[in-house]
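Student: Take a look at the following structure, please.
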Amino acid sequence: MNDARFILAGAGAFGRELINWAEDCGTPFTAFLDSSAEALAGFGYALDYLGTPDDFQPRAGDLLVMGVGEPEAKRRLALQLMARGAQFARLVHPSAVVARSARLGEGVVVCPQALVSADAVLGDFSVVNALSSVGHDVDLGAFSTLSCHVDLTGWVRVGEACFFGSGARVLPKVRIGAAARIGAGAIVMRSVPDGATMYAAPAKKL
Ligand SMILES: CC(C)(COP(=O)(O)OP(=O)(O)OC[C@H]1O[C@@H](n2cnc3c(N)ncnc32)[C@H](O)[C@@H]1OP(=O)(O)O)[C@@H](O)C(=O)NCCC(=O)NCCS
């Protein structure tokens, strides 16, 4: 008997999107973890509740997908669960285009109609949300999240745990420091220091 579980870790708004995308992949989630047992109440999804991440004890064969988008929360949760032996899967929507030469780390999520171009590297637990584009030779740091419609052009380098708001664009070869936040609609022309928040076009520091 195969009782392997496919588990969503974090069932907020982004997690609910992933429930839909996992079905499109032909691998529906069987269960979820969340700090709230009520996270999916009223939405009509039929996943078993396994408890909070603090309660979780992985079983052999379990595979998890990270359902949290906010980079620091995602990092904390991933490290907590991996310390208990949790194994994370990648989720790549069938409508995404991922170059054969791109490299995807553990726990990566690529959403509908995203593009990951030649020789790009997606660090562990990075997210490329719907309709976003990761250009050739981009290095996207672990735990970083692109919202929808983000455009990272060629050779952009992004540090760990960065957040990009909807529609942000980054010009070629620009470096984004670790834990930076790039606002919705920003156009980033020059490199950004660690921890900076940038907004507007051309992007300036908040
Ligand atoms: C840039 C950002 C991260 C800053 O967040 P914050 O630190 O909470 O900043 P605030 O919302 O307090 O805004 C501070 C100021 O910057 C302005 N501002 C914030 N984001 C802006 C943006 N993207 N473009 C232009 N101006 C912006 C605000 O109007 C405010 O101006 P004011 O002081 O004159 O009133 C955030 O506003 C943002 O753009 N987030 C992206 C959201 C998104 O796309 N989410 C997608 C997932 S659902």
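The values are calculated or read from the model by the stated rules, or taken from the named source; none is laboratory data. Computed from a prediction, not measured in an experiment: that's the story for all the values here. Just so you know, the surface numbers come from the protein's heavy atoms only, side chains and all, with ligands and any DNA or RNA stripped out. Shrake-Rupley method; radii C 1.70, N 1.55, O 1.52, S 1.80 Å.
Student: Can you list the residues, at least 5 places off or on another chain, whose amide H is less than 5 Å from the amide H of residue 198, using H built in the peptide plane?
Tutor: The list, which skips near neighbours in sequence, is 181, 182, 183, 206.
Student: Another question about this same structure. Could you state the accessible area per residue of the chain in Å², with a 1.4 Å probe and every protein chain left in place? Numbers along the way, then the final one.
Tutor: Numbers: 9480 Å² over 206 residues.
I get 46 Å² per residue for this part.
Student: So, one more: On a 1.4 Å probe surface of the protein chains, which of 204, 74 comes out largest in accessible area, and what is the full order? Can you show the working numbers first?
Tutor: Details: 204 105, 74 0 Å².
Largest accessible area first, the residues go 204, 74.
Student: Can you compute the helix-only [θ] at 222 nm over the chain? Use -39500 (n - 2.57) per DSSP H run of at least 4 residues, normalise by all residues, nearest 500 deg cm²/dmol. Mind showing how you got there, number by number?
Tutor: Working: 2 runs with 25 residues, N = 206.
Calculated mean residue ellipticity at 222 nm is -4000 deg cm²/dmol.
Student: Using a 1.4 Å probe on the protein heavy atoms, what percent of the accessible area of the chain belongs to carbon and sulfur?
Tutor: Details: 4890 of 9480 Å².
Ligands and nucleic acids excluded, carbon and sulfur reach 52 percent.
Student: Where is the GNM fluctuation largest for the chain (alpha-carbon springs, 10 angstrom cutoff): 141, 107, 61?
Tutor: So, out of 141, 107, 61, the one fluctuating most is 61.
Student: Shape verdict for segment 6-89, please, from the Cα gyration tensor: rounded (a/c under 1.5), prolate (a/b greater than b/c) or oblate.
Tutor: Values: a/c = 1.40, a/b = 1.27, b/c = 1.10.
Since a/c stays below 1.5, the shape of segment 6-89 is classed as rounded.
Student: Compare 72, 23, 106 in a GNM of the chain, Cα atoms joined below 10 Å, and give the one with the largest fluctuation.
Tutor: Comparing 72, 23, 106 in the GNM, the peak value goes to 23.
Student: Let me ask you something else. Short version: ³J(HN,Hα) in whole Hz for each residue of segment 152-163, in order, from phi by Karplus 6.51 cos²θ - 1.76 cosθ + 1.60 (θ = phi - 60°), x for Gly and Pro, what are they?
Tutor: These are the phi-based 3J(HN,Hα) values: 9, 7, x, 6, 5, 10, 10, x, 6, 6, 8, 10 Hz.
Student: Give the cross-link partners of residue 173 among the lysines, using a straight C-alpha distance below 21 Å as the criterion and excluding same-chain residues fewer than 8 apart.
Tutor: 204, 205
Student: Would you mind pulling out the separation of the Cα centroids of segment 125-195 and segment 24-92, in Å?
Tutor: Segment 125-195 and segment 24-92 have Cα centres separated by 25 Å.
Student: I've got another one for you. Between 88, 43, 14, where does the largest GNM mean-square fluctuation fall for the chain, given springs only between Cα atoms within less than 10 Å?
Tutor: Among 88, 43, 14, the largest mean-square fluctuation in the Gaussian network model of the chain belongs to 43.
Student: While we're looking at this one, here's another question. When the chain is fully extended, how far beyond the present Cα-Cα distance does residue 76 get from residue 101, taking 0.36 nm per residue of separation?
Tutor: Numbers: separation 25, 0.36 × 25 = 9.00 nm, distance 2.97 nm.
My answer for the length gained is 6.0 nm.
Student: In nm, what is the difference between 0.36 nm times the number of residues separating residue 205 and residue 31 and their Cα-Cα distance? Kindly include the intermediate steps, with their values, before the conclusion.
Tutor: Details: separation 174, 0.36 × 174 = 62.64 nm, distance 4.12 nm.
Result for the pair: 58.5 nm of gain on full extension.
Student: What's the extension gain from residue 52 to residue 189 if we count 0.36 nm per residue and subtract their Cα-Cα distance?
Tutor: Values: separation 137, 0.36 × 137 = 49.32 nm, distance 4.16 nm.
45.2 nm is the gain from fully extending residue 52 to residue 189.
Student: Pull out a ≥ b ≥ c, the square roots of the eigenvalues of the alpha-carbon gyration tensor of the chain, then state rounded if a/c is under 1.5, prolate if not and a/b is larger than b/c, and oblate in the remaining case. Could you put the intermediate results ahead of the total?
Tutor: Details: a/c = 1.98, a/b = 1.74, b/c = 1.14.
Prolate shape, in that a/c is at least 1.5 and a/b is the bigger ratio.
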